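Undergrad: One structure, as structure tokens, below. Some questions next.
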Amino acid sequence: MFETTLAGSLPKPSWLATPNVLWAPWTLTGAPLQEAKEDATALSIRRQEEAGIDIVSDGEQARQHFVHGFLAEVDGVDFDKKVRMGIRNNRYEADCPTVTAPLKRRKFVHEREARIARAATARKLKFTLPGPMTLIDTLADGHYGDRVKMAFAFAELLNQEAKDLEKAGVDVIQFDEPAFNVYLNETVDWGVPALEKAAEGLKCTTAVHICYGYGIEANIKWKESLGESWRQYEETFPALDRSKIQQVSLECRNSHVPPELMTLLKNKTLLVGAIDVASDRIETPEQVAATLKLALKFAEPERIQACTNCGMAPMTLAVAYGKLRALAQGAALARKTL
């Protein structure tokens, strides 16, 4: 019980990318960049193992961004035709590429990093992909003219990628859907069905990560506007509980999510966010254990994993891996009390 894992990204070493920022520019080009990405992936896994993480990931070391890393090998997306637009329901603006033609995956996008990661560890391996709703929220549509149609087109490509990742030995495929906390009605109507399409036919474990975002200024300000009770999960969890997705990753530590909302996920493994990614303060093992014990009031221990609230790409390496060590130590402490 209380297996430990992480939601997604980890900081990149300074010899690979500019530290402590999202969209970090690479410090190398060409073949040296590819070699550095592979070295960073293997090193990230070694550091996770040393921290005591049970289900490790590639840390998204070979991706500049969790969405655009996948889009880089998709035909029909024009990166030279960018549109300034609001994303996450206008929480912030970004220069977004435009879909200009039918979408098609050129190749197995994440093959190299998946194979490097699989060869680097004997532990369970998680790999993250952007979910269909979050993908279309980060793009301008110059072709489909229908958000739902475009989402399902991406779901088909994601399904192809996920099946290739499964063949490469990935144990857990997690789809990241921060948009699920913004477009609540759409999530129930077509977001969850599109997610199920992306996971269709997979035999490995499937997960969805729904958070309140990286610890960046726009997200912190948005959280401040949500009041003392964050109830977004209340509208989407029942639909997810009816879905075929097996795990749900949720934000708990230092959030205003009512913990009783976990009871809406009666049939899922809960990846309980016990690490705050919006603060550089490293949690104590006791604080992690307290978050997990709180979750025990609403779910059986065998359905609980210890996780981070979100990715940790903008953090320093010392803070991020310090938090992962605290996560592992806190989970061990919680096990001892049962």
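Undergrad: Pick from the stretch 1-54 the residues that are assigned to a loop (DSSP other than H, G, I, E, B) and of a type in the set (Ser, Thr, Tyr): which of them is most open to solvent (accessible area, probe 1.4 Å)? Can you show your working first?
TA: Within the stretch 1-54, the first condition is being assigned to a loop (DSSP other than H, G, I, E, B), and the residues that meet it are 1-3, 6-16, 18-25, 27-29, 52-54.
Right, trim to of a type in the set (Ser, Thr, Tyr) and you get 9, 14, 18, 27, 29.
Numbers: Ser9: 7, Ser14: 77, Thr18: 60, Thr27: 69, Thr29: 108 Å².
Only one residue tops the list, namely Thr29.
Undergrad: A further question on this structure: Report yes if Val99 is touching a Leu at 6+ places or on another chain (Cβ under 6 Å), buried (at least 16 other Cβ atoms within 10 Å of the Cβ) and farther than 19 Å from Asp58 by Cβ, otherwise no.
TA: So Val99 fits the description; yes.
Undergrad: Can you name every residue in the stretch 253-286 that is over 20 Å from the mean Cα position of the chain (by Cα), acidic (Asp, Glu) and farther than 15 Å from Cys307 by Cβ?
TA: Glu260, Glu286
Undergrad: So, one more: In the stretch 63-103, what count of residues is obtained for those that are assigned to a strand (DSSP E or B) and touching a helix residue (DSSP H, G or I) at 6+ places or on another chain (Cβ under 6 Å)?
TA: 3
Undergrad: Something else: So which of Lys124, Lys203 ends up being open to solvent by 40 Å² or more (accessible area, probe 1.4 Å) and without any contact (Cβ under 8 Å) to a residue 40 or more places away in the chain?
TA: Lys203
Undergrad: Something else: Out of (1) under 27 Å from Lys82 (Cβ atoms); (2) in contact with a strand residue (DSSP E or B) (Cβ under 9 Å, 6 or more places away or on another chain); (3) open to solvent by less than 10 Å² (accessible area, probe 1.4 Å), the odd one out for Gly142 is which?
TA: (3)
Undergrad: Six or more apart or on different chains, Cβ atoms under 7 Å: show the pairs whose first residue is in the stretch 268-292 and within 20 Å of Thr337 (Cβ to Cβ) and without any contact (Cβ under 8 Å) to a residue 60 or more places away in the chain and whose second is aromatic (Phe, Trp, Tyr) and open to solvent by less than 10 Å² (accessible area, probe 1.4 Å).
TA: Qualifying pairs under 7 Å: none.
Undergrad: When only residues in the stretch 61-75 that are open to solvent by 10 Å² or more (accessible area, probe 1.4 Å) and modelled with pLDDT of 95 or more count, which is nearest to Thr308 (Cα to Cα)?
TA: This residue is Ala62.
The values are calculated or read from the model by the stated rules, or taken from the named source; none is laboratory data. Given the structure is predicted, the values throughout are model-derived calculations rather than measurements. With ideal geometry, Cβ positions are generated from the backbone for all residues, glycine too; neighbour counts draw on all protein chains shown. The area values use the complete protein model at the heavy-atom level, side chains included, leaving out ligands, DNA and RNA. Shrake-Rupley method; radii C 1.70, N 1.55, O 1.52, S 1.80 Å.
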